[in-house]
Amino acid sequence: MDTTTFYAHPTAFIDDGCTIGKGTKIWHFSHIMPNCTLGNNCNIGQNVVISPEVVLGKNVKVQNNVSIYTGVTCDNDVFLGPSMVFTNVINPRSAVNRKNEYAKTHVGTGASIGANATIVCGHDIGKFAFIGAGAVVTKNVPNYALVIGNPARQTGWMSEFGHKLDFDKNGNAICTESGEKYKLENNTVTKYE
């Protein structure tokens, strides 16, 4: 591991077998466990635990006190809010070893997960989805979906710039910040030119 291409605070601990991308920063008291892959330009906040074999794409922002457990993969440009957590076993018991039962969770490109949210394992988060603070995700989340609450329920759709989309009667919407155009058809959102 070439430690000259990324920054790790002296209190951070990086186990053997990790691949850390150029420009990535790992802050105070964080632990990157064996065989993790972190892409270029990631930011790993204070007191973060990244369990063995987790894969993060490029430019993933992990805020303070986040736990990312084995079985999780995040695509590029994912935002993980403060103190959010992924699980990796459906029915954990202290006295029962279930390491061979870890369920996988995939977070798509550009998705944001709010502070204190919980992602129950085995449920994928679509690209550019937006998970509200404190939400408890217990099922798959579609691309561009806005979900809130416990259990999380979908209340709308979000643009790639993080603005709620207001679809007209023809299923068209425009992001108020970027001007990008979106189409809602058959409960699926796509961006178009």
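The values are calculated or read from the model by the stated rules, or taken from the named source; none is laboratory data. Values in this document were obtained by computation on a predicted structure and should not be read as measured data. Positions of Cβ are backbone-derived with ideal geometry, glycine not excepted, and every protein chain shown enters the neighbour counts.
The test for being in contact with a Phe, Trp or Tyr (Cβ under 9 Å, 6 or more places away or on another chain) and closer than 26 Å to ASN41 by Cα holds for ALA111. Annotation for region 22-30: at least one member residue is at pLDDT 95 or above, assigned to a loop (DSSP other than H, G, I, E, B) and charged (D, E, K, R). Close contacts from region 96-116, counting a first residue that is farther than 19 Å from LEU56 by Cβ and a second that is surrounded by 13 or more Cβ atoms within 10 Å (Cβ to Cβ), with Cβ to Cβ under 8 Å and a gap of 6+ residues or different chains, come to ARG98/VAL89; GLU101/VAL89; ASN116/GLY81; ASN116/PRO82; ASN116/SER83; ASN116/MET84; ASN116/ALA133; ASN116/GLY134.
Based on this model, can you work out whether GLU193 counts as closer than 30 Å to SER51 by Cα and either at pLDDT below 95 or not assigned by TED's automatic domain parsing to the domain that holds VAL89 (or both)? Spelling it out, it is not the case that GLU193 is closer than 30 Å to SER51 by Cα and either at pLDDT below 95 or not assigned by TED's automatic domain parsing to the domain that holds VAL89 (or both). In the set (1) hydroxyl-bearing (Ser, Thr, Tyr); (2) in contact with a His (Cβ under 9 Å, 6 or more places away or on another chain); (3) within 27 Å of GLY179 (Cβ to Cβ), the condition left unmet by THR109 is number (2).
Counting only strands (runs of 3 or more DSSP E) that fall entirely inside region 95-193 and contain at least 2 residues that are among the hydrophobic types (A, V, I, L, M, F, W, C), the qualifying elements are 145-148, 172-174. Determine whether ASN186 is among the polar types (S, T, N, Q), on the phi > 0 side of the Ramachandran plot and in the same structural domain as ASN59 (by TED's automatic domain parsing). Here the answer is no, as ASN186 does not meet what is asked. Of the residues making up region 31-53, just one is within 17 Å of LEU80 (Cα to Cα), of a type in the set (A, V, I, L, M) and assigned to a loop (DSSP other than H, G, I, E, B), namely VAL48. On the given criteria, is LEU184 of a type in the set (A, V, I, L, M) and over 23 Å from the mean Cα position of the chain (by Cα)? Taking the combined requirement at face value, the residue satisfies it.
The residues in region 66-80 that are part of a loop (DSSP other than H, G, I, E, B) and in contact with a Phe, Trp or Tyr (Cβ under 8 Å, 6 or more places away or on another chain) can be counted, and the count is 3. Residues of region 13-50 that are over 21 Å from the mean Cα position of the chain (by Cα) and among the hydrophobic types (A, V, I, L, M, F, W, C): PHE13 alone.
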